[in-house]
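Engineer: I'd like to ask some things about the structure below.
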Amino acid sequence: MKVTVDANICAGFGVCLGLCPEVFELHDDGYAVVLVGEVPEEHEEAVRAAVGQCPANAISVSD
Ligand code: SF4
């Protein structure tokens, strides 16, 4: 699974980082960046939770 954050939509709420700090990090400019090319299987559930809980709907996943 791959995950992307649209930096133009992300409002830096940090929900994703709280759910999965192994995959998301907050950039100095106030938006989240993805740290991995492929989401490790053990973090897929947390990443899907982040997709559902991101207040800005800025996170997308693809298989
Ligand atoms: S939860 Fe959404 S809005 Fe908040 S930092 Fe993550 S991607 Fe950005």
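No value in this document is a laboratory result; all are computed from the given coordinates. Quick caveat, the model's predicted, so the values are computed rather than measured. FYI the Cβ positions are ideal-geometry reconstructions off the backbone, even for glycines, and counts take in every protein chain you see.
Engineer: Please compute P(r) over all alpha-carbon pairs of the chain, binned at 10 Å starting from zero, and give each bin as a whole-number percent.
Structural biologist: 26, 62, 12
Engineer: Also, I was wondering about something else. Can you pull the one-decimal nm distance between simple spin-label points at Val51 and Val36, each 7 Å off the Cα toward Cβ?
Structural biologist: Distance between the two pseudo-spin positions: 1.5 nm.
Engineer: Helix-only mean residue ellipticity at 222 nm, the chain, DSSP H runs n ≥ 4 weighted -39,500 (n - 2.57), per residue, nearest 500. What is it?
Structural biologist: -6000 deg cm²/dmol
Engineer: Report the label-to-label distance for Asn8 and Asp63 in nanometres (one decimal), using points 7 Å from each Cα along the Cα→Cβ vector.
Structural biologist: Roughly 2.9 nm, to one decimal.
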